[in-house]
1. With a 1.4 Å probe and all protein chains left in place, how much of the accessible area of chain A comes from carbon and sulfur atoms, in whole percent?
2. Under a GNM of chain A (C-alpha, springs under 10 Å), which listed residue has the highest mean-square fluctuation: A:Ser203, A:Ser29, A:Ser159?
3. So how far apart, in nm, are the two label points at A:Glu200 and B:Lys104 if each is 7 Å from Cα heading toward Cβ?
4. Which shape class applies to region A:192-324: rounded if a/c is under 1.5, otherwise prolate when a/b exceeds b/c and oblate if not, where a ≥ b ≥ c are the square roots of the Cα gyration tensor eigenvalues?
5. When the label point is put 7 Å from the Cα of B:Asp319 along its Cα-to-beta-carbon vector, which residues of region B:60-81 have a backbone N closer than 16 Å?
6. Rolling a 1.4 angstrom probe over the protein heavy atoms, how many square angstrom per residue are accessible across region A:72-114?
7. Given contacts defined as C-alpha pairs under 8 Å and at least six residues apart, what's the relative contact order of region B:1-75, whole-number percent?
8. How many nanometers, to one decimal and shortest first, lie between the label point of B:Gln91 and those of its other copies, if labels sit 7 Å from Cα toward Cβ?
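The values are calculated or read from the model by the stated rules, or taken from the named source; none is laboratory data. This one's a predicted model, so the numbers in the text were calculated from it and none came from an experiment. Here Cβ is always computed from backbone atoms with ideal geometry, including for glycine, and neighbour counts include all displayed protein chains. All accessible areas refer to the heavy atoms of the entire protein, side chains included, with ligands and DNA or RNA removed. Shrake-Rupley method; radii C 1.70, N 1.55, O 1.52, S 1.80 Å.
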Number of protein chains: 2
Amino acid sequence: MLGGPILGIDLGGTKSLAIVALTDGTILSSSYKETPSSKGREAVADVLAECAVEAASLAGIPLSKMGAAGFAVAGLVDRRNGIILASPNLQGWNDVPLASMMQKRLSLRCVIANDANAAAIGELLFGAGQGVKDQIFITISTGIGAGIIAGGRLYIGASGTAGEIGHMTIVPNGPKCGCGRYGCWEALASGTAIARSAAEGISAGRQSIIPSLIQQNPVQLSAREVFEAARQGDSFAREIVSQASNYLGIGLANLINIFNPELFVIGGGISKEWDSIMPQSWALAQERAFSLPAQKARMEKAALNDFAGAMGAVALVSDEYVWT
Amino acid sequence: MLGGPILGIDLGGTKSLAIVALTDGTILSSSYKETPSSKGREAVADVLAECAVEAASLAGIPLSKMGAAGFAVAGLVDRRNGIILASPNLQGWNDVPLASMMQKRLSLRCVIANDANAAAIGELLFGAGQGVKDQIFITISTGIGAGIIAGGRLYIGASGTAGEIGHMTIVPNGPKCGCGRYGCWEALASGTAIARSAAEGISAGRQSIIPSLIQQNPVQLSAREVFEAARQGDSFAREIVSQASNYLGIGLANLINIFNPELFVIGGGISKEWDSIMPQSWALAQERAFSLPAQKARMEKAALNDFAGAMGAVALVSDEYVWT
């Protein structure tokens, strides 16, 4: 791995995080800023640069002493050319040359990675997946993303977009997904799917305490209220969580059969509702997958939380952990 | 790779094939024998040994001069310990230590591999997949099996059973699969699935020329008659082939999103009906997958036919092409 401190930057839809870290995972400083998503790409790049400068300043290390800067970004990424090909969080960000835009601002070599891929490397090297060569990191929140670790490295595929497991079809005529297709895993088992099922049921007249739990203004139902209602014994909410658990389990079973991984590391907002959803999902995955790979697989909660992407981005400035 | 001629043996449910080949893929000899599947494991091992001895004799090379023997076997395989964990073709073959059984008979180091995994390596090194680092070999016949090539090597997973893509769930409440679960890809898009759909429709009174095309005695409907009837314009047969094409396409789309492969190499009996099924499948896969990885992926027909497994088994006697 590269020597010297590295900048790791996680570009999120609402907030962005920059850290300065050593290649052994020691974090020297961090800085958060709101991402001005609606103001266009140059404004976002400016804020990322400010964030990086602040993190460097907090660490007491000039930018010029950094080995490189790594960026974790939601979306399809062309690693080699440093381009964001498409992003769900950043509307209209197609073919954005983020690496060169940031290189201009920071005068550092810049490398970009998909955020779930980066988090997978973060967890492999510094988090819940340490020492496990064959594992899959899955982040379940508004969408479902992943990073595939095969033989101790990140598998990114022929053009760098591997790991879009959230868009495997589980129910061919199922609900519409954000990607425009139908019945994707993400449209059945993500936080968005849980919120949508709840909203549909309530519109159709199902009795539930869910509406009374909504605190946002304007009123917007999220998966959080569904989980809370389920915890309070609401039978409609329990039904929805149970359905999402089952779909989550089917997808996990598919991945067990396809990859025979030793470990799944689960991150994202839904993982914070672990006891409500993961045990049932895992039991179904064990039942639906072949027993030999199912017995081999374990599941762990991600350990690095919001820092996983930025820490992985630090490691991904070199090709050491990527099949290229 | 190991020097010297190598024995490659493909243990099939009905026939077994032994070849003697050089590590550059040159085949020096081959020998076929019927597999006495119903007579138990020792009888099968004896026939494999006879097959090997005959191939060695035809090549004019004594067994003792062979570098090793590689075996390709349908089923879940423990590569490290040389054990067949479970096999669909060989009833009751659970935990069979084939490597040591054959080592006793041949006095050679013996290495076993899953047959689709072996064929994937065969096609990678000597067939349709040469020079392509990220590819998936898929065999579609009575079942659907695969070998995943990532970064130029076979990915076998944490315990050696990766690649069971035929058992990814595509329709959670779909038809029962041979594995005992429901709605697996294999239960929707294999030759078995096509034959089953045809038989069900005919039982239910659908008009079709399919029954008149059956030549086997006792009467048994296979996918072959369905494809033949479709070619002759039978509308029921066309409907079934079209449905299987669609399910095939959904599974391919899933694999495009998950792996972002450069190439699919398609083998097995169904690939012989290429024009009837693959173009429609591919069109749907292109439509259902993300466009960036979809545009990157190509599809080719397997080139080695019946020799793929044995040739791959030759290469797999060393770990050179496996992520271990």
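1. The nonpolar share, carbon plus sulfur, comes to 48 percent.
2. A:Ser203
3. Those two pseudo-labels are separated by 5.9 nm.
4. Verdict is oblate for region A:192-324.
5. Hits in region B:60-81 for B:Asp319 at 16 Å: B:78-81.
6. For region A:72-114, the per-residue accessible area is 44 Å².
7. 39 percent.
8. Label-point separations across copies, in nm and ascending: 6.2.
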